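Any read-out appearing in this document is the output of simple, stated calculations on the displayed coordinates, not a laboratory observation. All values reported here derive from a predicted model rather than from experimental measurement. Cβ placement follows ideal geometry from the backbone for every residue including glycine, while neighbour counts extend to all protein chains displayed.
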Amino acid sequence: MKLKKLIATFLMLGLATPAFCDTIGMVNYRKILENYSKAKAANSEIDDKASELQRYLLDKEKEFKKIESPIQKKNFEEATAKTFAAKQEAYAKFKEKKEMEIDAAIEAAIKAVAMENKINTVVDFRVIYFGGVDITDKVVKKLNMGSVK
């Protein structure tokens, strides 16, 4: 008799399980980045800063070639290396800050769209072979409308 009750309990749990399943959403993060206007602007700013670093080095190389004294060359190299290291560090911090801002905005938009659509879990589209609800376009729309910070 206990075996029948145990089997009945397992069957009832098995039938009830779908009621507790999460609705799974998916996003194409790369597509979001490509279509999010602020991400494009941030990438453009980052590229501009990288170009500035390259121009700085090229200008310093031209200046270096004009110096004749070995002592002056050594002093110039040291000063340039120190300044370049500071510029490089500033660039790295700028890039990290911009990337974190964009990631935070995208994450907030994904959460907002998921809540609006009663989606409990959102994953990258590459981990789902079948099923799931693609919310990528809704996330991009929300981001570009500026309704999420």
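Of the residues V122, V139, V27, the one with the fewest other Cβ atoms within 10 Å heads the list, and the complete ranking is V122, V27, V139. Length gained on full extension, E89 to A108, computed as 0.36 nm times the residue gap minus the Cα-Cα distance: 4.0 nm. Can you compute log10 of I(q)/I(0) for segment 95-149 with the Debye formula, treating each Cα as one identical point scatterer, at q = 0.25 Å⁻¹? Ignoring solvent entirely, the Cα scatterers give -1.02. When the Cα positions of Y36, A86, I24 are compared along the charge dipole of segment 22-145, A86 comes out farthest toward the positive end, with charges on each C-beta of Lys, Arg, Asp and Glu. Charge tally for Q88 (other residues, Cβ to Cβ under 12 Å; Lys, Arg +1; Asp, Glu -1): +3.
Here's the picture: a label point sits 7 Å out from the Cα of A41 along the beta-carbon direction, and within segment 96-117 the residues with their amide nitrogen under 20 Å of it are 96-110. The phi torsions of segment 88-98, fed into the Karplus equation with coefficients 6.51, -1.76 and 1.60 and a -60° offset, translate into couplings of 5, 5, 4, 4, 4, 5, 4, 4, 4, 4, 4 Hz, rounded to whole numbers, with Gly and Pro shown as x.
Among the GluC sites (Glu not before Pro) within segment 40-85, those in coil by DSSP and having at most 10 neighbouring Cβ atoms inside 10 Å are E68. For the pair L53 and Y29, a Förster radius of 41 Å applied to the C-beta separation gives a FRET efficiency near 0.90, rounded to the nearest 0.05. Distance between the C-alpha centres of segment 50-84 and segment 129-145: 48 Å, rounded to the whole angstrom.
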